[in-house]
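Heads up: the structure comes next, in structure tokens.
The values are calculated or read from the model by the stated rules, or taken from the named source; none is laboratory data. What you are looking at is a predicted structure, and each value in this text was computed from that prediction instead of being measured. Here the Cβ is made from the backbone with ideal geometry for all residues, glycine too, and neighbour counts use every protein chain on show. All accessible areas refer to the heavy atoms of the entire protein, side chains included, with ligands and DNA or RNA removed. Shrake-Rupley method; radii C 1.70, N 1.55, O 1.52, S 1.80 Å.
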Amino acid sequence: MIVQKLHEAGIKSEHAYCAAFASIGLTVVAWAGSLKTEPAGMDRADRWGLFVGEWAPTFFALGLALANYEQQDD
């Protein structure tokens with residue numbers, strides 16, 4: 001149901017895969033930025049990087065679901 005709505009909205013599997021790779025990159029940027037901006041021993045920035053890093057599997061799963069839907073649709 002959700003996959004069908006996403007597909008009807010124009011979102012394709014490639015979009016989800018790109019979002020997954022972008023979230024991986026954002027995780028690295030957030031982690032590297034935390035090394036320079038947060039005081040030593042501050043865990044908040046590392047947790048933000050981990051939070052963003054957890055988006056990637058969700059986007060990959062959506063990409064797979066959309067790819068399966070697109071194959072069935074064709």
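Given Cα pairs under 8 Å that are at least 6 residues apart, what percent is the relative contact order of the chain?
Reported relative contact order: 49 percent.
Label points 7 Å out from Cα along the Cβ direction at residue 5 and residue 35: separation in nm?
If labels sit at residue 5 and residue 35, their model points lie 4.1 nm apart.
So what's the angle, to the nearest 10 degrees on a 0 to 90 scale, between helix 55-73 and the longest Cα principal axis of the chain?
10 degrees
Could you work out how far helix 13-37 tilts from the main Cα principal axis of the chain, as a 0 to 90 degree angle to the nearest 10?
Tilt of helix 13-37: around 0 degrees.
Whenever you get a sec, compute what percent of the accessible area on the chain sits on carbon and sulfur atoms (1.4 Å probe).
On the way: 3530 of 5350 Å².
Taking all protein chains in place, the chain shows 66 percent carbon and sulfur surface.
Explain nothing, just the number: dipole magnitude of the chain about its Cα centre with +1 on each Lys and Arg Cβ and -1 on each Asp and Glu Cβ, in debye rounded to the nearest 20. Don't skip to the end; give the middle numbers.
Numbers: 5 positive and 9 negative charges, 61 e Å.
Rounded to the nearest 20 debye, it is 300 debye.
Please compute the Kirkwood hydrodynamic radius of the chain from all pairs of different C-alpha atoms, in Å with one decimal.
Radius from the Kirkwood sum: 13.6 Å.
From the helices alone, meaning DSSP H stretches of at least four residues, give me the mean residue ellipticity at 222 nm for the chain, per-run term -39500 (n - 2.57), in deg cm²/dmol to the nearest 500.
One gets -27000 deg cm²/dmol as the mean residue ellipticity at 222 nm.
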